[in-house]
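The values are calculated or read from the model by the stated rules, or taken from the named source; none is laboratory data. The shown structure was predicted, so the numbers you read here are calculated from the model rather than taken from an experiment. Every residue, glycine as well, gets a Cβ built from its backbone with ideal geometry; the counts of neighbours run over all protein chains shown.
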Amino acid sequence: MILASFLGFMLLFVLIGGLSYLQSKKTAEDYLVANRSMAPWLVGLSAVATNNSGYMFTGMIGFTYSTGLSSIWLMIGWIVGDLAASLSIMKRLRQVAEQRDLHSFGGLLADWHGQGFNKLRRMSGLLIVIFLGAYAAAQFNAGSKALHVLFDWDLQTGAILGAVMVLFYSFMGGIRASIWTDVAQSFVMLLSMCIMMAIGISHVGGADLALSQLNSVNDTYMNWFPDQDWTGILLFILGWVFAGFGVAGQPHIVVRYIALDNVNHIGRFRLWYYSWFVAFYSATVVVGLLARLLLPDVNGFDAELALPSLALQILPDALVGLMLAGLFSATMSTADSLVLSCTASVSRDLFPHHKAEYWQTKMITVIVVISALCIALWGYSSVFQLVLIAWGLLAAAFAPLLLVYALGKKPGEIQAITMMLAGIATLLAWRWLGLSEAVYEILPAMLAGLLTFMAFQLTSTLQRSDHS
């Protein structure tokens, strides 16, 4: 019954993705940005599903299971930072993409002011392919972990299944297929999480009893803030605010803004996006806390398996299939977007003087999926850490530059490339030095990019003063 329920939902998603082919215009532009024709509610819910990846179902629930209520600051900081990026950058970004007929993230960076920075475009395209390829692999790993727990399948099986499904509907309809399936997946994700939350509370004996038991886990488990001094708490929260702001550097989410039908509809997009985001993230935190009560043996337990393990324990078979479909939906809704963003980078940015045609673009998608699957099968195993690293690298490289652009500044190509490299180098050095416990490395990395720009500006000002 579990398998039948799960496969039924998977078949539904494949069918929806396949139907998008009927709306396809058979052009590379339509394949990559859906001719900028998508309604606000569609791209809003799609962005939620894409942002709330397998990281939520595995990494975030596992993190809450391990650390307690203070994990809520990841949600608060992330959403505050995300909103700040949307308000400061995204409307202008959507305008620029339409005005200059840009279909890729690298194109935005290289041609925001009409500069045609081809070195910057190639470098950003290469970074996107590398970072998003690893990110996509993390999504395939997240799905495989759940299938391993529920069906005792080999860990490689789930990754292969996810990759085949993503390849099918991405190949059929491009970004339109991704958005359509994301919307269906977002409903399944939220429904499955809410059902898990309701049944979990019932199994514990009600909300009051659950709260009492959570307070008894240990002395700090239900503290609102991490067990640090106030400086550490502030840095912890700020780190996640910067992480949320890093959404501006995520090509797979930015493309949703580009695909929006009208720049004046961005307010409606935000309404759908943030209301759904808050509801889903909140339910995720609650489920993580309930898992600690219903799966109390933490010794030797992989916290990233808390959700599927809990589902097996408390849900009837049909609902276990729904929950698994929700988890798998989260991984696929992000993986397909990552794959298509990589496709855009390869077809538009790595070789800017040769724009790939429609069928060439689709074949690039095939190559990208196979590459990401290979990483998933033989690569890094922690979904939580791999997603944070990939998200951080993308944010550090691109978000500071986009903010500078949105503020009307015009850095030269060397300045822009140096900003990107400074952010990446700072993030990697921060992790290598073991400073991530103090603050999420995305904060110093993004500041490094901005400070690099300020240093260039100051040097230029001083040089003009000397000449005068």
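Screening Ala318, Ala279 for residues that are surrounded by fewer than 18 Cβ atoms within 10 Å (Cβ to Cβ), in contact with a Ser or Thr (Cβ under 7 Å, 6 or more places away or on another chain) and either in a loop (DSSP other than H, G, I, E, B) or of a type outside the set (Lys, Arg) (or both) leaves exactly one candidate, Ala318. Looking only at residues of segment 425-443 that are surrounded by 21 or more Cβ atoms within 10 Å (Cβ to Cβ) and in a helix (DSSP H, G or I), we find that the one that is nearest to the chain's Cα centre (by Cα) is Ile442. A single entry from Ala184, Ala210, Ala198, Ala142 fulfils the requirement of being under 30 Å from Ala396 (Cα atoms) and assigned to a helix (DSSP H, G or I): Ala142.
Here is the figure for segment 160-173: residues that are under 18 Å from the mean Cα position of the chain (by Cα) and either surrounded by fewer than 20 Cβ atoms within 10 Å (Cβ to Cβ) or over 13 Å from Ala325 (Cβ atoms) (or both) total 3. Of all residues in segment 213-249, those that are assigned to a helix (DSSP H, G or I) and closer than 30 Å to Val320 by Cα total 3. Residues in segment 287-307 that are under 16 Å from Met56 (Cβ atoms) and either without any contact (Cβ under 8 Å) to a residue 24 or more places away in the chain or crowded, with 23+ Cβ neighbours inside 10 Å (or both): Val287, Gly288, Leu289, Leu290, Ala291, Glu304, Ala306, Leu307. Selection of segment 129-147 for residues being touching an Asp or Glu at 6+ places or on another chain (Cβ under 8 Å) and without any contact (Cβ under 8 Å) to a residue 12 or more places away in the chain yields an empty set. Give me the residue from segment 39-64 that is among the aromatic types (Phe, Trp, Tyr) and closer than 19 Å to Gly143 by Cβ and, out of that set, modelled with the highest pLDDT. Ranking the candidates gives Phe63 first. Among the candidates Val383, Val387, Val404, the residue that is modelled with pLDDT of 85 or more and either surrounded by 20 or more Cβ atoms within 10 Å (Cβ to Cβ) or of a type in the set (S, T, N, Q) (or both) is uniquely Val404. The set of residues in segment 227-276 being aliphatic (A, V, I, L, M), closer than 30 Å to Leu102 by Cα and either free of Cβ contacts under 8 Å to residues at least 24 places away in the same chain or buried (at least 16 other Cβ atoms within 10 Å of the Cβ) (or both) consists of Val241, Ala243, Val247, Ala248, Ile253, Val254, Val255, Ile258, Ala259, Leu260, Val263, Ile266.
Restricting segment 15-38 to residues that are closer than 30 Å to Ala283 by Cα and within 21 Å of the chain's Cα centre (by Cα) leaves a set whose member that is modelled with the lowest pLDDT is Gly17. In segment 15-30, the residues that are on the phi > 0 side of the Ramachandran plot reach residues that are of a type in the set (Phe, Trp, Tyr) with C-beta atoms within less than 7 angstrom, at least six apart or across chains, in these pairs: Lys26/Tyr358. The test for being closer than 16 Å to Asn141 by Cβ and buried (at least 23 other Cβ atoms within 10 Å of the Cβ) holds for Met332. Assigned to a helix (DSSP H, G or I) and free of Cβ contacts under 8 Å to residues at least 40 places away in the same chain - does that describe any residue in segment 323-331? There is no residue in segment 323-331 that is assigned to a helix (DSSP H, G or I) and free of Cβ contacts under 8 Å to residues at least 40 places away in the same chain. Within segment 110-134, the residues that satisfy the criterion of being farther than 22 Å from Gly174 by Cα, among the hydrophobic types (A, V, I, L, M, F, W, C) and in a helix (DSSP H, G or I) are Ala110, Leu120, Met123.
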